[in-house]
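Take a look at the structure below.
What follows draws every value from the coordinates through simple rules; no lab data is involved. Note that the structure is a prediction, hence the values are computed from the model and not measured. We place every Cβ from the backbone using ideal geometry, glycine too, and count neighbours over all the protein chains shown.
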């Protein structure tokens with residue numbers, strides 16, 4: 001940076017990123033000082049080296065802020081855990097599974113633990129059945145990252161957000177908004193196309209017209 005640069009000439013870039021051409025180092029330093037900024041070597045291995053005019057103090061501050069924000073986001077996205085029992089009721093299963101889906105949609109991984117008690121541990125197929133149901137329920141939001149395995153008296157599976165499936169679903173919704181909203185809206189009349197254009201008094205093909213004075217109620221009483 002500045003006087004520490006050892007190259008005889010440099011390719012100079014201004015603060016906005018515009019190329020100023022190849023300059024002798026003293027001339028490049030003079031241009032930077034006229035702007036009250038620093039001359040920073042950003043590509044020392046290039047021939048000639050590339051130097052950019054910038055506020056180096058502000059650059060380092062912004063870089064530190066970006067790194068801090070990146071660490072904050074990384075710490076917020078962690079592994080959540082949800083515990084199930086092999087004989088869990090349908091209501092509890094639905095409630096826990098909705099929570100798992102919410103975690104996945106927020107970008108978290110979720111560790112699913114099936115807790116066996118007593119002799120339940122001798123029937124791992126019960127736990128596997130729960131995990132298979134769960135994986136099927138969250139399909140499109142999450143995917144199985146780590147397959148079910150026994151861990152002591154527990155069975156464990158890890159789900160991860162399925163970003164590709166969510167992006168695909170969002171693309172389909174943007175391309176076909178009617179499908180995303182449950183299909184195009186009709187008039188609610190439920191009239192078959194063959195009969196929809198018929199006016200009063202017209203005969204509809206395939207329709208049976210009852211003779212005058214007869215009842216149209218079916219059945220033998």
At R0 = 45 Å, FRET efficiency that the Cβ-Cβ distance of residue 137 and residue 1 yields, to 0.05 = 0.20
Measuring from centroid to centroid over Cα atoms, what is the spacing of segment 1-55 and segment 74-145 in Å?
-> 57
Tell me, in nm to one decimal, what length is gained between residue 59 and residue 35 on full extension, where the rule is 0.36 nm per residue of separation less the Cα-Cα distance?
-> 7.1 nm
Would you mind ranking 95, 141 so that the residue whose beta carbon has the fewest other beta carbons within 10 Å leads the list?
-> 95, 141
Cβ-derived FRET efficiency at R0 30 Å, residue 122 paired with residue 80, nearest 0.05 | 0.55
May I ask you to derive the relative contact order of segment 77-164, considering only C-alpha pairs under 8 Å and at least 6 residues apart, and to give it as an integer percent?
-> 33
Starting from the Cα of residue 20, step 7 Å along the direction of its Cβ; do the same at residue 87; then give the gap between the two resulting points in nm.
-> 8.0
Expected sort for 68, 111 with the fewest Cβ neighbours (10 Å cutoff) up front is 68, 111
